[in-house]
Amino acid sequence: MEKKTTVAVAHSDADLGKPAEYSREQLDIVKQMIRDIADQTMGGVENIVKKGDKVLIKINTVIPCPANLGFTTDPRILQALIELLQEAGPSKIQIGERSAMGGDTLKAMDVCGIAEVARRTGAELCPFDNVPFDMYKIDRPISFNEFPVPRPVRDADVYIGVPKMKVHIHTTLTCALKIQFGNLPDYDWMVRCHRDDIYQKIVNLTRAANAKWFIVDSLYACQGNGPFSAYPHDLVKDFNTIYGGPDPVAVDTVCEALMDWENPGFNSPASPLAAAEGLGTNKMEEINVTGVPIDRVKRKFARQTTVLQGMFPNVFVVQGSVCEPGCRPVRMAFDQLYVEGTLAKLKRPVYIFTGLQFEDTSRIKDIDADVIVYGDCAKSVLDRFPNAKCFTSSEQFPNCTPIWANIPGIGIVDYVRSLVQTP
């Protein structure tokens with residue numbers, strides 16, 4: 001069968017330092033790895049960027065998080081990539097991103113080490129909080145068919161995606177397709193279509209970005225309940241592998257193969273949908289994999305789990321009809337609370353009502369517990385427990401899936417911690 005696209009894989013057994021602590025020699029090894037991938041997939045960096053081009057590099061700095069924790073864009077990858085692209089003489093290189101949950105992107109860029117890379121290389125920080133957006137319309141009967149796109153994305157001559165390699169509790173995978181999520185202006189737009197329609201949203205955002213190339217940041221990677229897993233063993237600090245190519249669907253498919261998952265290209269629902277809509281191929285037999293063989297570097301990555309009931313001490317979940325990527329990821333907060341030991345210290349149980357509740361709530365007996373209502377579908381429970389802690393939509397945080405419940409200071413983690421501290 002004729003191969004449709006090429007994805008190249010590079011690996012090093014050398015000590016490459018840490019994301020925020022590396023030498024010039026270590027950076028040069030990373031730079032050569034990226035150069036090899038550019039040579040094999042595009043015939044050289046000169047076929048990615050031309051002299052005078054405006055380049056937009058889309059990174060992944062979801063929340064303010066020190067680079068050495070390994071969950072956000074690795075400064076080693078970003079600096080090496082920028083230096084490589086500068087050899088082609090672009091007129092401008094911008095580093096673009098919009099942090100999640102309405103966060104301050106410039107602050108995240110600073111904490112995550114991105115601002116320091118910009119200072120070293122002369123690249124321009126481009127937080128999408130502060131740029132104009134233009135509406136993009138897909139004239140078909142699909143979800144999320146009209147949405148804003150940052151003007152720098154559309155104005156760029158070359159858009160390059162630099163996703164982290166992470167298993168993702170919402171979407172199975174975050175890689176070349178999912179990275180476009182950060183091309184939305186605010187919390188409202190990021191949470192629209194955040195249920196089972198999220199996969200169409202990811203595909204549409206990828207179509208609008210019209211990327212030329214992807215290079216996957218996977219020296220450090222994340223398995224299990226990412227994108228910020230609370231379980232220490234979920235952070236893979238020694239993967240020392242980078243891969244990339246021009247086809248985002250093929251890149252995500254190779255990602256699944258490197259995670260040693262069966263049927264790569266069909267585990268994350270966004271991949272077959274993107275392939276069906278013509279954005280690339282999700283069939284390994286149609287991908288020319290060059291460089292280091294997959295079998296040499298692959299390792300079994302744990303998948304995400306959104307099982308809620310019976311998982312945590314002192315936590316009881318009354319689960320109605322729940323969207324898989326919508327309200328089930330309430331589990332992220334309880335993973336953190338479990339790992340840090342807070343749940344074991346609770347003086348009385350916590351009951352969580354989530355999903356569409358079918359029982360007549362007036363018939364629910366009193367319970368000696370603290371009650372949490374999570375997501376708009378469970379709002380009927382407030383008729384029975386009007387003093388419940390409520391994580392649903394509001395004027396400040398619109399749309400039904402309450403992703404804002406993960407915001408430090410006001411989210412579930414801090415609320416449950418307060419229950420332990422209450423005399």
Set V289, V249: member being within 16 Å of V167 (Cα to Cα) and either outside any strand (DSSP E or B) or of a type in the set (A, V, I, L, M) (or both): V249
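Residues are listed down the side, and each one gets a yes or a no for (1) at pLDDT 95 or above; (2) part of a strand (DSSP E or B); (3) touching a Pro at 6+ places or on another chain (Cβ under 6 Å):
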residue: L106; (1), (2), (3): yes, no, yes
residue: R120; (1), (2), (3): yes, no, no
residue: D134; (1), (2), (3): yes, yes, no
residue: P152; (1), (2), (3): yes, no, no
residue: I160; (1), (2), (3): yes, yes, no
residue: V167; (1), (2), (3): yes, yes, no
residue: I179; (1), (2), (3): yes, no, yes
Test: residue in region 227-235 that is within 25 Å of E2 (Cβ to Cβ) and either touching a residue at least 12 places away in the same chain (Cβ under 8 Å) or under 17 Å from the mean Cα position of the chain (by Cα) (or both): no
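Every residue, every condition in (1) surrounded by 15 or more Cβ atoms within 10 Å (Cβ to Cβ); (2) in the same structural domain as Y231 (by TED's automatic domain parsing); (3) part of a loop (DSSP other than H, G, I, E, B), yes or no:
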| residue | (1), (2), (3) |
| --- | --- |
| A275 | yes, yes, no |
| G278 | no, yes, yes |
| N282 | yes, yes, yes |
| E285 | no, yes, no |
| T305 | no, no, yes |
| G326 | yes, no, yes |
| P329 | yes, no, no |
Every residue from region 7-31 that is assigned to a helix (DSSP H, G or I) and either β-branched (V, I, T) or within 26 Å of the chain's Cα centre (by Cα) (or both): L27, I29, V30, K31
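Quick grid of which residues meet (1) among the aliphatic types (A, V, I, L, M); (2) surrounded by fewer than 19 Cβ atoms within 10 Å (Cβ to Cβ); (3) assigned by TED's automatic domain parsing to the domain that holds S99; (4) in contact with a Ser or Thr (Cβ under 6 Å, 6 or more places away or on another chain):
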site	(1), (2), (3), (4)
S12	no, yes, yes, no
L16	yes, no, yes, no
K51	no, yes, yes, no
I59	yes, no, yes, yes
A67	yes, no, yes, no
T73	no, no, yes, yes
L78	yes, no, yes, no
L84	yes, no, yes, no
Region 198-219 - residue that is in a helix (DSSP H, G or I) and of a type in the set (V, I, T) and, of those, farthest from T5 (Cα to Cα): I198
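With the structure loaded, tell me whether A118 is without any contact (Cβ under 8 Å) to a residue 24 or more places away in the chain and surrounded by 17 or more Cβ atoms within 10 Å (Cβ to Cβ) or whether it fails that test.
Yes, satisfied.
The values are calculated or read from the model by the stated rules, or taken from the named source; none is laboratory data. These numbers come from a predicted model, not from an experiment. Quick reminder, even Gly has a Cβ in these numbers, built from the backbone with ideal geometry, and neighbours come from all protein chains shown.
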